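The values are calculated or read from the model by the stated rules, or taken from the named source; none is laboratory data. Worth saying up front: this structure is predicted, and the values here are computed from it rather than measured. Positions of Cβ are generated from backbone atoms using ideal geometry, with glycine treated the same way; all protein chains shown enter the neighbour counts.
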Amino acid sequence: MNYKAIEITTVEAEKLLLSQYNIVGKANKLPGEIDVNFKIKTENENYVLKISPPNKNSTYLDFQQKLLQYLEKQNSNLTVPKVLLDKNNSSISEITDKAGNKRKVRLLTWVSGRVWSNVNPQLNDLRYSLGEQCGLITLALNNFTHPEIHRKFDWDIAQSLWTKQHINLFNEEEKELIIYFQQQFEAGFNSYKKLRKSVVHNDANDNNIIVSSELIHPKVIAIIDYGDSIYTQIINDVAVACSYAMMNHNDPLEAALPIVKGYHSKFNLNQNELNHLYCAIAMRLVISVTKSAINKIKQPNNKYLQISEKPAWILLKKWRKISLEFAHFSFRKACGFNAHPNEHKFKKWTTKTNFNLTQLFPTIHKNEVKLLDLSVSSKWIGHHEEFNDLDLFEFKINKLQSKNPSKIIAGGYLEPRPLYTSTAFDKIGNYGKESRTIHLGIDFWLPKNTPVHALFDSEVVVSFNNTGNKLYGGLLILKHTFDELEFFTLYGHLSVESITNNNVGKHIKKGDCIGYLGNPIENGNWVPHLHFQVMLSLLDYKNDFPGVAFYNEIEVWKSICPNPNQLFKISELQPKKDISNKELISYRKKHLGKSLSLQYKQPVKMVRGFGPYLMDPFGKKYLDTVNNVAHVGHENYKVVKAGTDQMALLNTNSRYLHENINELAKELIETLPKELNVLHFVNSGSEANELAIRMVKAATGERDIIASEVGYHGNSNMCIDISSYKFDGSGGNGAPENTHIFPLPNAFRGKYRGENAGANYAEEVKILVNQVQQKGRNIGGFIVEPIISCGGQIELPSGFLKKSYEIIRNAGGICISDEVQTGCGRMGKTFWGFQLHNVVPDIVTIGKPLGNGHPIAAVACTQKVADKFANGMEYFNTFGGNPVSCAIGTEVLKIVKKEKLQENALIIGEFLKSELKKLAHKFPIIGEVRGQGLFLGIELVDSKLTPLKEQTNYLANRMKDHHILMSVDGPDHNVLKIKPPLIFSKTNAKELIYFLKKILSEDFMNSYKKDKS
């Protein structure tokens, strides 16, 4: 066919519209596979004009029109294009084109909204609503009939084996993939063809799905273009919707499940249909790539016909790696059935049986257990470093056993464990990095060479010497059959000899010895134990089987691998119930102060930390980009050990002599200018700033303090009185009489901008000094952070601090540098923030970073200030400077120095800042990137510098969805702050940038552009 000869221009379309429908409108070309389509805009309405190719089957077009008219009458909840009649009151017009061809014309109402392909992100709620819409359409069409519904149609999955005729179009790798799915489909065809049938939409592709205009929580509101509707197996419609909506997702199965669940909520799918969904999805993709291969030959210039080719191939390859059975079980669970069909049958069978541990381990003569908790929140496993020390682990196991000589140490079913640190247990899912953490069996910790015996008659189906794998070592899997029930038991960590004696196919009698527990060398140096697991299916595994699962798949895995304790019924081995977030929040609301806030719209519970990560109760790791308290990494082993070692000896106050306080003082003074050589130790940054203000008053006899707008210096009364962030914020009463606030020295969006901003802001300080002096008083002190954190990571403009110090000192005042957040090497270029400005303050306050999470802080001051403060009134702090805190603080400073973390802050900080600036160039919503070292901020604004609070909050919460913790700050809540532990690596930085880029490209993050227009 000569497609150019039958082309219709927009001008011709507009004339046709007027002549056939008496409508004046503006035409714009739309893509289409068969019809020539135009969007028509009029003053009041929008339409779709569809012009068929020459000699198009009029019965087929009548089918489409009748179907739409039928749907309009059937379901008022459905939004469908309405058929408009022409001037002759016909639903189908006929014209003669410029080449003399007879053409059919139809006019439909336009369905407003966004096309699915233009929606970003496509999250679970959206995919669920897609399933709902498809289900509603099938429900409405259930009794529709027309001659064309039984036509021959290449895009019908039921007819998909026509693709076998074109296998020659593909290379060898592609052939293997396509043939595999064709064979799978054929193998189940006899039962497939008996499935329920109906007329279904059959084409919920990217350009046929209409989504609501909401940018947060959008819904599918309509599905258009019913040209592919056909009478076929209902499950095919689900498969079509899944196959398109799964594209461009790392985990396609996870992406499909909300669609299946949504479909089932409106049109009940039965269990037999779900048996065939995996293959139906695959065959739709096979049709797609085959069509593309054919069209590249027939119509090489029609790009629309090839639009899904590349993502379809990518998805086919991913789909092949997913177990057919596991997908089937997942679909079942999504529809509310037991994931494994035999789960209930196995449970019922175990109620009639009674086994005990002496049958499994006859030589041990023990039937009671001591539960061993190896979960993420377990205190028994201790520090991250300790549970990787297998010698220590063995020592602790032996110690526990000696305390419980009559019991077998056991446990672990569905336990979320942090023990699996290898990247082999990781994958990149649809929401960032995921790790396998959920233990699927029970571990029995017993001596090496302990005999293991069969609980029932068995057949060996897997006998594998897996000694290089720390999961199992020697692995044995046995099959058991009881009436119509078949299941398997797995025995991991056996000896090599056990495997040698049990070839695949060997029959074993109940009570036979099947092997012996291996020694540590055979099992990756693990302490001898048996990993015992029950499976109702082996899935696709031949020589192995997972003993650990991903948390987001737990509902499916616990059905495939039911609790082995159903055999033994030992009460101590029941999985412990974790307290839900809902319960925790409910208790907090009742018994904790309402002013205590929680981070994120959906708060996260954290139970473990290590390095730059926090971990929730299920083993999910979150990259922490905001916790500057964990200065040298969460639960740094050296810091923890320094604290626990000293705690085991002595903890008392500083009135007794002890080396630790002097050691810490030496380490700290070494980092400071020589003028700052006197220290006072306290417990927190708030206490440090409180003490600093007391020193100011003692040294000057004055009470007036100058501080920054939106500055925050602590939570004590005196600190609140100098914190504009608090008293000018919600619930505050404004500045007290003796507090004087200069404008936030923000050269990007503040009162003064540009090159002279520093001098202008310093002038504001001078004005405040003059105002105080005019009242007959003088300035006591000036306090500011070198980078103002709560102000939005505001870097002080050049020259501001030096000039301000000069003004204050000329007035007899004291200069305080609040280094609670900026100190101890975080700035990269310098150890302390004030050093960036070539000044030496009179007092430096040090807080959060010094203890790496332990409550210790300090005030460093000049000898002059210290002497005036020592006026006879004793300063005593019970816990300030205690031996434990000092040991911890000393270790933190030593780690910063020895491990060159200041240098790391500089290198990684500069890399991050550079990459963030590249993002700012790509995404103009980032108005400014600022900060030093690993103390950075990105401010989100529109072109008029209007702060974008909602977008900032959205970005932080979406990053949390991808397991990256970020926090919002600034007076307008439009600044994302980045201040991670100083061990933050380049890999961590790249991960942060990758997901920032991903979320910044989402629709809501760009919605501000519409506000500007």
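Restricting attention to the range 885-920 and to residues that are of a type in the set (S, T, N, Q) and more than 25 Å from residue 648 (Cβ to Cβ), the residue that is nearest to the chain's Cα centre (by Cα) turns out to be 914.
Of the residues making up the range 900-930, just one is under 16 Å from residue 829 (Cα atoms) and either modelled with pLDDT under 95 or assigned to a loop (DSSP other than H, G, I, E, B) (or both), namely 900. Pull up the range 496-508, narrow it to residues that are touching a Leu at 6+ places or on another chain (Cβ under 7 Å) and not in a helix (DSSP H, G or I), then point me to the one that is surrounded by the most Cβ atoms within 10 Å (Cβ to Cβ). That would be 502.
Before we move on, is residue 266 in contact (Cβ under 8 Å) with a residue 40 or more places away in the chain, touching a Cys at 6+ places or on another chain (Cβ under 9 Å), surrounded by fewer than 22 Cβ atoms within 10 Å (Cβ to Cβ) and not hydroxyl-bearing (Ser, Thr, Tyr)? In short, yes.
Taking each residue of the range 747-760 that is farther than 21 Å from residue 929 by Cβ and looking for partners that are part of a helix (DSSP H, G or I) and charged (D, E, K, R) with beta-carbon atoms closer than 7 Å, six or more apart or interchain, yields 759/803.
Check the range 674-695 and report whether any residue there is more than 37 Å from the chain's Cα centre (by Cα), among the acidic types (Asp, Glu), farther than 21 Å from residue 873 by Cα and surrounded by fewer than 21 Cβ atoms within 10 Å (Cβ to Cβ). The answer is yes; a qualifying residue exists. Selection over the range 715-738 of residues that are surrounded by 20 or more Cβ atoms within 10 Å (Cβ to Cβ) and either part of a loop (DSSP other than H, G, I, E, B) or of a type in the set (Ser, Thr, Tyr) (or both) gives a count of 4. Taken together, the residues in the range 559-605 that are in a helix (DSSP H, G or I), without any contact (Cβ under 8 Å) to a residue 24 or more places away in the chain and charged (D, E, K, R) amount to 5. Going through (1) buried (at least 20 other Cβ atoms within 10 Å of the Cβ); (2) of a type in the set (Gly, Ala, Ser); (3) in contact with a strand residue (DSSP E or B) (Cβ under 7 Å, 6 or more places away or on another chain) one by one, residue 511 falls short only on (1). Across the range 180-210, the qualifying residues are those that are of a type in the set (A, V, I, L, M, F, W, C) and buried (at least 17 other Cβ atoms within 10 Å of the Cβ), and the one among them that is farthest from residue 156 (Cα to Cα) is 210. Any residue at all in the range 441-458 that's modelled with pLDDT of 95 or more, within 38 Å of the chain's Cα centre (by Cα), of a type in the set (Gly, Ala, Ser) and closer than 20 Å to residue 549 by Cα? Within the range 441-458 (the criterion being modelled with pLDDT of 95 or more, within 38 Å of the chain's Cα centre (by Cα), of a type in the set (Gly, Ala, Ser) and closer than 20 Å to residue 549 by Cα), the answer is yes, since at least one residue qualifies. A Cβ distance below 6 Å, combined with a sequence gap of six or more or placement on separate chains, defines the contacts here; from the range 439-467, residues that are closer than 13 Å to residue 496 by Cα reach no residue that is in a loop (DSSP other than H, G, I, E, B) and of a type in the set (Gly, Ala, Ser). Yes or no: residue 630 over 22 Å from the mean Cα position of the chain (by Cα) and modelled with pLDDT of 95 or more? The answer is no for residue 630. State yes or no: is residue 733 under 30 Å from residue 773 (Cα atoms), touching a helix residue (DSSP H, G or I) at 6+ places or on another chain (Cβ under 9 Å) and not assigned by TED's automatic domain parsing to the domain that holds residue 983? Yes; evaluated as a whole, the condition is true for this residue.
Of all the numbered requirements in (1) within 30 Å of residue 866 (Cβ to Cβ); (2) assigned to a helix (DSSP H, G or I); (3) in contact with a Phe, Trp or Tyr (Cβ under 9 Å, 6 or more places away or on another chain); (4) not aliphatic (A, V, I, L, M), residue 712 misses one, and that requirement is (2). All of 783, 807 fail the test of being in a strand (DSSP E or B) and of a type outside the set (Asp, Glu), apart from 783. Given the condition assigned to a loop (DSSP other than H, G, I, E, B) and touching a strand residue (DSSP E or B) at 6+ places or on another chain (Cβ under 9 Å), answer yes or no: does some residue in the range 652-662 qualify? Yes, because at least one residue in the range 652-662 is assigned to a loop (DSSP other than H, G, I, E, B) and touching a strand residue (DSSP E or B) at 6+ places or on another chain (Cβ under 9 Å). Restricting attention to the range 909-925, the residues that are buried (at least 22 other Cβ atoms within 10 Å of the Cβ) and aliphatic (A, V, I, L, M) add up to 3. Of everything in the range 926-953 that is free of Cβ contacts under 8 Å to residues at least 60 places away in the same chain and under 14 Å from residue 977 (Cα atoms), the residue that is surrounded by the fewest Cβ atoms within 10 Å (Cβ to Cβ) is 949. Restricting 346, 326, 331 to residues that are farther than 15 Å from residue 260 by Cβ, of a type in the set (Phe, Trp, Tyr) and touching a residue at least 24 places away in the same chain (Cβ under 8 Å) narrows the list to 346. Strands (runs of 3 or more DSSP E) fully within the range 205-319 that include at least 3 residues being aliphatic (A, V, I, L, M) and in the same structural domain as residue 156 (by TED's automatic domain parsing): 209-211, 220-223.
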